[in-house]
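Structure, as structure tokens:
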């Protein structure tokens, strides 16, 4: 396989592996200019994509934490034990 054929094959593989969808976004001019100043004209799309991925991951993590707190709040036995331990520590500290 010659170099041009190998290059075409690698480009085809990269297109398969890196699936992307084009989106048109409306940004405030000041926001776009700030992003462009930070990452350059050709890096805006990658920057926004990475930012969105991080935000989605944070939102998923936040949902897990909220669900955990709701489960703890609903666990009356756990709350009863926690309150008893807290009261025991308070009475020991007063002695």
Among (1) surrounded by 10 or more Cβ atoms within 10 Å (Cβ to Cβ); (2) at pLDDT below 80 - the single one residue 94 does not satisfy: (1)
Residue match in the range 26-40 (condition: modelled with pLDDT under 75 and either loosely packed, with under 10 Cβ neighbours inside 10 Å or assigned to a helix (DSSP H, G or I) (or both)): no
For residue 15: the one exception among (1) surrounded by 10 or more Cβ atoms within 10 Å (Cβ to Cβ); (2) modelled with pLDDT of 70 or more: (2)
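The values are calculated or read from the model by the stated rules, or taken from the named source; none is laboratory data. Treat the numbers as computed from the prediction; the structure is a model and nothing was measured. In this analysis, Cβ positions are derived from the backbone assuming ideal geometry, glycine residues included, and neighbour counts consider all displayed protein chains.
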